[in-house]
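Only one structure is covered here, and it is reproduced in the block below.
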Amino acid sequence: MTCLAPSYLDVGRNGEAISDARLSFAGAWPETDPRLQPQKTRLAGADDARMVAECVRIRRLDFDAFRQKVAGRPVHEQVFELINHRTIQFNSRSRFAECEIWKGRIRQACEKGEPVPILLPVFCVIRNPVKRLQLTVPTTAEEVSLRHMANIAALIREIYPAGAVFHLITDSTFYGLPFGVNAVEALRYVDLLGAMVDRIGCGDVIRLHDMAQILSGRFEDFQESYENWSARFHDDPCADGLSPQSYDVWLASMAASINTAKRRLDYDTLRAQFGGSGLGHTTDELYHRAKTGLAEYRALKAAAADLQWEEQFFPNAVRATIHTKGVPVLGLRLYPEYKLRANLLPYHGIGVLRFGPKYGLHYMTVEPEMFVCGREEFTRITDERGTTLHYLGEGGGVRRGTVAGGGGGSLAAGACQETKARRETG
């Protein structure tokens, strides 16, 4: 498959539309409410900042070896090969490599001496009380994700001095309706995300844009398309050719993503609703909300795709996604272990830090907080206001000796403020 440049890739409607966010993990649900168990807890300190920095490092990328491999090739090709590296790209690398659209846009930016623009819709509020026990605010999982993208931009800068800029299209307000999230919490999440970008010093390479604000520029066209798709999906969930099997998976993921925190359900009810197939024991109310919410979510996504919003508002950007797709698009590992050790997005759970002896570094996964809390092998790390930032696994935080030689190669550093990524053997 070769894509020729002025073609438009309909990324939004291809492949996975909603992340597999089901909570039906075998053996994950304790018999009794884990929130009632004692929990080791402490305030975040300097050691935690060090561990978070380690979690940003791309542990499987030998950057020196990569530079040697692409040496002598045009700069734009080197940049392309880097973002298509398996440690950054989780979608088909061969399919992406055949697409001339993105190669052309990277070449165009390099010829102009401008940062390579990378466009990614991401960051939404999910209020399922199994995934996070507190309100959904940016925590360590979001911080590692932001630092990871800034780290990628720093690596690109080592190849191409102008580097790259990530345009993050926050969809917290855009998807508030189907997820049952009110405007106050949606806006607060985005505001705090912006404050986090400023605090960690990544504002030069990470720009936040609101999806709803962007699309309001074509309000009439968007609304007509949205109402059309909404009517179709409510009438027939498979109106666009979606298979009944895929619909069932999406429906279970939607049930695990809509706001059930405001129902104040007890633990046994939560386990009965989400611990089986994801919908097998659900109440009629939750089933209806999931079915309605999924129709609205897909209608919003389809209406945005009808407008080809990427081409209108970001015509020169490389399109990235957090979903598995069958078209040649950059499937960005939002944090280094995304789609490797973990499949949940930062706002679908809580960050869990563990020590990895192979590289002598900590790494982060994202997991439902209900399945982590109350376990004695984890320590809850909070800020001064009592907000849970992440959990630290047993043995984490202990300063280990440096692992020398053998297999790790060079590892990119995660400090956003650095103009040149540091590398160390791991």
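The values are calculated or read from the model by the stated rules, or taken from the named source; none is laboratory data. These numbers come from a predicted model, not from an experiment. Heads up, the Cβs are rebuilt from the backbone with ideal geometry, glycines too, and the neighbour counts pull from every protein chain shown. Areas reflect the complete protein model, heavy atoms only, side chains present, ligands, DNA and RNA absent. Shrake-Rupley method; radii C 1.70, N 1.55, O 1.52, S 1.80 Å.
On average, how much accessible surface per residue is there in the chain, in Å², for a 1.4 Å probe, leaving out ligands, DNA and RNA? Spell out each step's value before the answer.
Details: 17510 Å² over 426 residues.
Ligands and nucleic acids excluded, the figure is 41 Å² per residue.
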- Note on the structure: Farthest towards the positive end of the dipole of the chain, among A109, L23, G356 and with Cβ unit charges of +1 on Lys and Arg and -1 on Asp and Glu, lies the Cα of G356
- Select from T269, T324, T136 the residue whose mean-square fluctuation is largest in a Gaussian network model of the chain (Cα-Cα springs shorter than 10 Å). T269
- Indicate the gyration tensor shape class of the chain (rounded, prolate or oblate), computed on the Cα atoms with a ≥ b ≥ c the square roots of the eigenvalues: a/c under 1.5 is rounded; otherwise a/b larger than b/c is prolate and the rest oblate. oblate
- Item | Reachable lysines, given that their alpha-carbon falls under 21 Å from the alpha-carbon of K339 and they are not under 8 places away in the same chain | K131, K325, K358
- Note on the structure: If every Lys and Arg gets +1 and every Asp and Glu gets -1 at its Cβ, then about the Cα centre the chain yields a dipole, in debye to the nearest 20, of 1380 debye
- Item | Alpha-carbon centroid distance for the pair the stretch 331-376 / the stretch 192-245, whole angstrom | 26 Å
- Query: For L193, what accessible area in Å² do you get when you roll a 1.4 Å probe over the heavy atoms of the protein chains, rounding to the nearest 10?
  - Reply: 0 Å²
- Item | Within-10-Å neighbourhood charge of A239 [Cβ basis; K, R +1; D, E -1] | -1
- Given Cβ charges of +1 for Lys and Arg and -1 for Asp and Glu, the option among A256, P161, P178 whose Cα lies farthest towards the positive end of the dipole of the chain is P161
- Gaussian network model of the chain, Cα springs within a sub-10 Å range: biggest mean-square fluctuation belongs to which of R333, R35, R73? R73
- Query: Under a 5 Å amide H to amide H cut-off, with H placed in plane at 1.01 Å, what residues pair with I206 once short-range neighbours are removed?
  - Reply: F166
- Message: Quick check: at a probe of 1.4 Å, how many percent of the accessible area of the chain sits on carbon and sulfur atoms?
- Response: 49 percent
- Message: Using Cα springs under 10 Å in a Gaussian network model of the chain, which residue among A299, A65, A21 shows the largest mean-square fluctuation?
- Response: A65
- Item | Whether the stretch 200-257 is rounded, prolate or oblate, judged on the alpha carbon gyration tensor where a/c under 1.5 counts as rounded | oblate
- HN-Hα J in Hz across the stretch 377-383 - Karplus 6.51, -1.76, 1.60, θ = phi - 60°, x for Gly and Pro: 7, 10, 10, 7, 9, 10, 8
- What number, in percent, do you get for the relative contact order of the stretch 111-227 if the mean sequence gap of Cα pairs under 8 Å and at least 6 apart is divided by its residue count? 34 percent
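Using a 10 Å cut-off on Cβ atoms, rank the peptides 344-355, 94-105, 219-230 from the highest mean neighbour count down.
On the way: 344-355: 24.1, 94-105: 17.6, 219-230: 14.8.
So the peptides 344-355, 94-105, 219-230, ranked by packing, come out 344-355, 94-105, 219-230.
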